[in-house]
1. If a residue must be within 28 Å of D130 (Cβ to Cβ), assigned to a strand (DSSP E or B) and among the aliphatic types (A, V, I, L, M), how many such residues does the stretch 52-94 contain?
2. Please count how many residues of the stretch 44-74 are touching a His at 6+ places or on another chain (Cβ under 9 Å) and of a type in the set (G, A, S).
3. Checking the conditions here, which among S77, S120, S86 is surrounded by fewer than 17 Cβ atoms within 10 Å (Cβ to Cβ), under 19 Å from R177 (Cβ atoms) and touching a helix residue (DSSP H, G or I) at 6+ places or on another chain (Cβ under 9 Å)?
4. Please go through the stretch 147-182 and pick out each residue that is within 16 Å of the chain's Cα centre (by Cα) and outside any loop (DSSP other than H, G, I, E, B).
5. Does V136 satisfy the criteria of being touching a residue at least 40 places away in the same chain (Cβ under 8 Å) and either assigned to a helix (DSSP H, G or I) or within 15 Å of the chain's Cα centre (by Cα) (or both)?
6. Could you check the stretch 50-75 and list, in sequence order, the residues that are modelled with pLDDT of 95 or more and of a type outside the set (S, T, Y)?
7. Please find, within the stretch 95-126, the residue that is farthest from L51 (Cα to Cα) out of those that are in a loop (DSSP other than H, G, I, E, B) and touching a residue at least 12 places away in the same chain (Cβ under 8 Å).
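The values are calculated or read from the model by the stated rules, or taken from the named source; none is laboratory data. Since this is a predicted model, take the numbers as computed values, not measurements. No Cβ is skipped: glycine too gets one built from the backbone with ideal geometry, and neighbour counts run over all protein chains shown.
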Amino acid sequence: RLTDLSIVSKAGAESIQKSLETINERNQYIKNLTSDIQRKDSLNLALVTNLKRSLANVNDEDIQIEVKKGVVYVSLSDKMLFKSGSDQINSRAEEVLGKVAKVINDHKGIEILVEGHTDSVPIKNDRIRDNWDLSVLRATAVVRNLQTKHGVDPARMTAGGRSEYLPKATNDSKDGRSLNRRTEIIIIPKLDQFFELMVPEEK
C-alpha cells in the first residue's frame, strides 16, 4: 500500500512539474511576443515620425500618414501623383516619392504594398478598360518609379488595384470622390519575420 501511494505521489509530482514547466514556457512566450509587438510599434512610430518630417512641406490635403491595424499607411492623392484619368506620374510627385523611398530604404526589415484606388466614375479609353485597369496601372507606375528612380528593391514591393471598391468616403459628392482617388503605400513587417513572432519555438 505504501509503495502504491509512493508511486502515485511521484507521478503526481511529475505531472505538476510538467504543468509548471508548460506554464513557464507559455509565460516566456507571451513575454517575448509582447516585447516583439512593442518593438514593431516602436518601428511604426519611427517610420511615421521620419515620413512626416520628410514630407513636412507637402500640402496636408494631398498626403495622409497614419497607423492602421498595426501597419503604416501613406495615402497620396491622385491629383498630386497623376493627371486626371492617367497612370503617368507627374513631375510634382517625383520629389514626394523620392522622400518616401529614402525612408523605405533606411528600414530593411519591411515590405511595401502599393494599392491604387479610384472613385466610382466609369472610365474607358484605348489603354484603360475600366477602374480596375486604372487602379492597377497607377499602383504599378508607383512601384516602377520607386524601383527605377529611387533604388527600392523590387523584391520588397507588391502592386495591386482596388478599383472603386474600398472607398474612404461617399462617391455621391465631389469631395468624397476626390478622397477616394488615391494611391496607398502600405509599409508592413516582412511576412517571414511576422510568422516567426507568432509561432513559439519547438524543443
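1. Looking only at that region, the number is 4.
2. 1
3. Working: S77 fails: surrounded by fewer than 17 Cβ atoms within 10 Å (Cβ to Cβ); S86 fails: surrounded by fewer than 17 Cβ atoms within 10 Å (Cβ to Cβ).
Exactly one residue qualifies, and that residue is S120.
4. Passing the criteria: P154, A155, R156, M157, T158, A159, G160, G161, R182.
5. Numbers: touching a residue at least 40 places away in the same chain (Cβ under 8 Å): no; either assigned to a helix (DSSP H, G or I) or within 15 Å of the chain's Cα centre (by Cα) (or both): yes.
No; evaluated as a whole, the condition is false for this residue.
6. Restricting attention to the stretch 50-75, the residues satisfying the condition of being modelled with pLDDT of 95 or more are 73-75.
Matches in the stretch 50-75: V74 only.
7. As a first pass, look at the stretch 95-126 and keep what is in a loop (DSSP other than H, G, I, E, B): 107-109, 118-126.
After this cut, where a residue has to be touching a residue at least 12 places away in the same chain (Cβ under 8 Å) as well, the list is 107, 109, 118-121, 123, 125.
Details: H107: 12, G109: 16, T118: 24, D119: 26, S120: 30, V121: 31, I123: 33, N125: 36 Å.
Once the filter is applied, the top-ranked residue is N125.
Here's the yes/no breakdown for (1) surrounded by fewer than 13 Cβ atoms within 10 Å (Cβ to Cβ); (2) more than 18 Å from I188 (Cα to Cα):
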position	(1), (2)
D130	no, yes
D133	no, yes
N145	no, yes
G151	yes, yes
G161	no, no
P167	no, yes
N171	no, yes
